[in-house]
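Before any comments, here is the structure.
The values are calculated or read from the model by the stated rules, or taken from the named source; none is laboratory data. No experiment lies behind these values; they were computed from the predicted model shown. As a convention, Cβ positions derive from the backbone with ideal geometry for all residues, glycine included, and neighbour counts pool all protein chains shown.
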């Protein structure tokens, strides 16, 4: 994180590995199933590190895991055929395949060449204005929310962030803060409907136009954590919608604060709002 000079930098790597662990369609599956020369404009030389990393992972799988991976990702057999081959019921075969895919995803994401390819821990473009940067931040959150198997409460996700505010970065690693903020954003994003998702970017830009960057820059990540904590407390103590804002408003604010944190981490929060 290159953001606040008052805080230890964060590399935001944790925002990358929360991609699909078990979803049937994700970046890892695309990487595994992509036919040579069909899905990437990269040269063979550029993709060599990725292909070598995949080869190492596949070779190190157990015989059973390798069979399941090849049957599902390469042969693309339906689950009923896989079940017949291993002699179990279809439901049990699905559970076994889910576990294999979990182990495969973990092994693949342990490879730096693959992690860089399938995650979005850094800005993928070089945005020249604040709106473009905010849009990219929301894409990161949306992608993680679509593929993450996350099931955490706001309070569980907030705890390392609170510890960070009270105890500082020397006792609480900033990566735990990054993870907590992302987890909160994922939970909030999943609680919003498509219409709210579509309004997020305009909301962020409107707020930036009203307040400017200094209200965030004064307190950096700690200020963001405090604002998020306030929203979570209101959600926890309110019954139904609040008197002055709806639950949807609070969820959108949580997503917005997380997006700002990501922009700070990538040193693009102070871009001009055109």
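Listed here are the residues, each with its yes/no results for (1) closer than 22 Å to residue 146 by Cα; (2) at pLDDT below 90; (3) surrounded by 15 or more Cβ atoms within 10 Å (Cβ to Cβ).
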{"site": "182", "(1), (2), (3)": "yes, no, yes"}
{"site": "192", "(1), (2), (3)": "yes, no, yes"}
{"site": "204", "(1), (2), (3)": "yes, no, yes"}
{"site": "220", "(1), (2), (3)": "no, no, yes"}
{"site": "225", "(1), (2), (3)": "no, no, yes"}
{"site": "245", "(1), (2), (3)": "no, yes, no"}
{"site": "248", "(1), (2), (3)": "yes, no, yes"}
{"site": "251", "(1), (2), (3)": "yes, no, yes"}
{"site": "255", "(1), (2), (3)": "yes, no, yes"}
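Looking at 210, 231 in this structure, which one is more than 15 Å from residue 139 (Cα to Cα), part of a helix (DSSP H, G or I) and within 23 Å of the chain's Cα centre (by Cα)? 231 is the lone residue from the list that is more than 15 Å from residue 139 (Cα to Cα), part of a helix (DSSP H, G or I) and within 23 Å of the chain's Cα centre (by Cα).
Considering only the stretch 69-80, state which residues are outside any helix (DSSP H, G or I) and within 14 Å of residue 105 (Cβ to Cβ). Selection gives nothing. If residue 58 passes every condition in (1) out of contact with any helix residue (DSSP H, G or I) (no Cβ under 8 Å at 6 or more places or on another chain); (2) surrounded by 12 or more Cβ atoms within 10 Å (Cβ to Cβ) but one, which one does it miss? Result: residue 58 passes all but (1). Considering only residues that are under 12 Å from residue 100 (Cβ atoms) and either modelled with pLDDT under 90 or not in a helix (DSSP H, G or I) (or both), which ones fall in the stretch 59-68? 61, 62, listed by residue number. Scanning the stretch 181-199 for residues that are more than 14 Å from residue 141 (Cβ to Cβ), touching a helix residue (DSSP H, G or I) at 6+ places or on another chain (Cβ under 9 Å) and either in a helix (DSSP H, G or I) or not assigned by TED's automatic domain parsing to the domain that holds residue 145 (or both) returns a single hit, 199.
Quick check, is residue 35 under 27 Å from the mean Cα position of the chain (by Cα), assigned to a helix (DSSP H, G or I) and modelled with pLDDT under 85? Explain how you work it out, then say what you get.
Values: under 27 Å from the mean Cα position of the chain (by Cα): yes; assigned to a helix (DSSP H, G or I): no; modelled with pLDDT under 85: yes.
So residue 35 does not fit the description; no.
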